[in-house]
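Since the structure comes first, as structure tokens, the remarks are kept for the end.
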Amino acid sequence: MTTVREQVLTGLKWTAGGKLGAQVITWAITLVVMRLLTPEDYGLLAMASVFVAFMLMLSEAGLGPALIQKQDLDETALRSVFAIVIIANISLLLLLNLLTPFIAAFFDEERLILILHVLSLQFLLTIFGTLPSVQLYRQLKFRSLSLISFLTTIVGSILTLILAFAQFGVWALVLGNLFAGILSVIAMNVVAPLHFFPKFSVAGMRNLLSFGGNVTLSRLLWFFYTQADIAIIGKLLGKETLGVYSIAMQLASLPVQRISAIINQVAFPVFSRIQDNREQFSSFILKAARMLSLVAFPILWGISSIADEIVQLFLGEKWHNAILPLQLLALMMPLRMIANFLPSAVDALGRPDVTMRNVLLASIVMPIAFLIGCNWGLEGVALSWVIAYPLVFFINIQRMLRVIELRLSDFFYAMMPAMGTTIGMYLAVQATAILLADHVDQWAKLLILIVTGILVYGSLTLFFNKRSYHEVIDLVRR
């Protein structure tokens, strides 16, 4: 019989392999697309995405995670959820199309109307993609999920690149993402097809709806605080400034999104399986914190340390204003990456209300920080993340660890070795950059800085953080 450990290792292998394999290709494509498109194109997509993504949070009413977390599940519940998903998404599709003129008026940008009409088709995809996805997660079929993700990501990115070369502007981004979503839904229905019709009844759904309600409210609040900066910048500073900011945020958060997606795709279903074994549960949490810290801090603080070279060499002079925001945003991103996997653990213990309270705090503190930061322009908003988010992180971590029954000191002790060694790396890279100044070619300088960072971090890790290093090596070997 397959053990939980083997399921975790298998899930991580396929999830990491699929997502990282796709990203090697798509990151290269994305950099080319960024050079072809303009800040205004990315600003338009960011404006539209704020409202579409908000409504997509409501599209499954939190019932997807509720179904994954529930130990015993029958076909009647699945049929009822299918009906709720159909009603919710048809309603949201109609609502978004009715609101498009008002959204365009809010940003004073008429082009948003057609963009929003096209993006509203994503609600139809959610109807047919929710339950097949749930079935694959419940069965821990990470191989199928990873192969689907790999295929759709690559195809969507290639289409975006082709349309960008053909000078489609913002439509390259819109149509590339939409086509990837269509292909994903088709593939999931081939692998895990639905063999039943919807049942328009909520009888016996009280527990699922309660769990899903907490999850949905948490998602809405999370969305509010993570997208508040987009809405505030778009309204107060304009679409070109928003385009620059969205690229800086995209570059800074790309590793967070990809690595968090790998961890969370495996973590929630596995945590749900072992929710009654608290000793094993806590052990998984601390080990994940050590391993995430070992990866997150050097990657993201490394990006911060060479932000100037990244922007100048890969994106070009038109993105010069993204350098300082990228440096600042990347500094706080490791905390977001580490914080992102803990809600999976808390939700698996049947406490989505804790996640909801955490996000409520962030949704109050962060928008206020963004409004204040706007007084100093783009850099002020980026700095508000660096100042305000660590406070939110500290308070929320304490709340979640109490539910998990872990001490705060143990959790931070798991993170500290990686943080300390990364600080040493950062200082070494900055010192090297000062010594090199303009004495070498920019590409040579970038290569020297990267090699310096790798050598210093690797040496310090082997000396001060052997435990986490060996855990990661063991995981890779297995």
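The values are calculated or read from the model by the stated rules, or taken from the named source; none is laboratory data. Bear in mind that the values here come from a model prediction, so they are computed numbers and not experimental data. Reconstructed Cβ throughout: ideal geometry from the backbone, glycine too, with neighbour counts over all protein chains shown. Remember, those area values only see protein heavy atoms, side chains included, never the ligands or the DNA or RNA. Shrake-Rupley method; radii C 1.70, N 1.55, O 1.52, S 1.80 Å.
Figures for the structure shown
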item	result
FRET efficiency, 1/(1 + (r/R0)^6) with R0 35 Å, evaluated for Ile364 and Gln430 via beta carbons	0.50
Residue-by-residue Karplus 3J(HN,Hα) for the range 416-427, coefficients 6.51, -1.76, 1.60, Hz, glycine and proline x	4, x, 5, 4, x, 5, 6, 4, x, 4, 4, 5
Three-way shape call for the range 91-150 based on the alpha-carbon gyration tensor, with the a/c threshold at 1.5	prolate
Rounded percent of accessible protein surface that carbon and sulfur make up, the range 298-394, 1.4 Å probe	69
For the range 386-443 and the range 77-94, distance of Cα centres in Å	42
Phi to ³J(HN,Hα) by Karplus 6.51 cos²θ - 1.76 cosθ + 1.60 over the range 107-122, Hz, x for Gly, Pro	8, 6, 9, 5, 5, 5, 4, 5, 4, 5, 4, 5, 5, 5, 5, 4
Dimensionless Rg ratio for the range 77-206, taking C-alpha atoms and the 2.2 N^0.38 Å reference	1.23
Where labels lie 7 Å past Cα in the beta-carbon direction, separation of Trp376 and His117 in nm	4.4
Table column - 3J(HN,Hα) (Hz), the range 283-293, Karplus curve with 6.51, -1.76, 1.60, x for Gly and Pro	4, 4, 4, 5, 5, 4, 5, 5, 6, 5, 4
Accessible area per residue, Å², the range 102-164 with all protein chains present, probe 1.4 Å	44
Whole-number D in µm²/s for the range 392-478 (Stokes-Einstein; Kirkwood sum over Cα pairs; 10 °C, 1.306 mPa s)	103
Equivalent ellipsoid, the range 328-478 (semi-axes from 5 times Cα gyration tensor eigenvalues, Å)	32, 25, 11
Percent of alpha-carbon pairs separated by more than 18 Å within the range 341-390	44
The range 141-201, relative contact order [Cα under 8 Å, separation at least 6], %	36
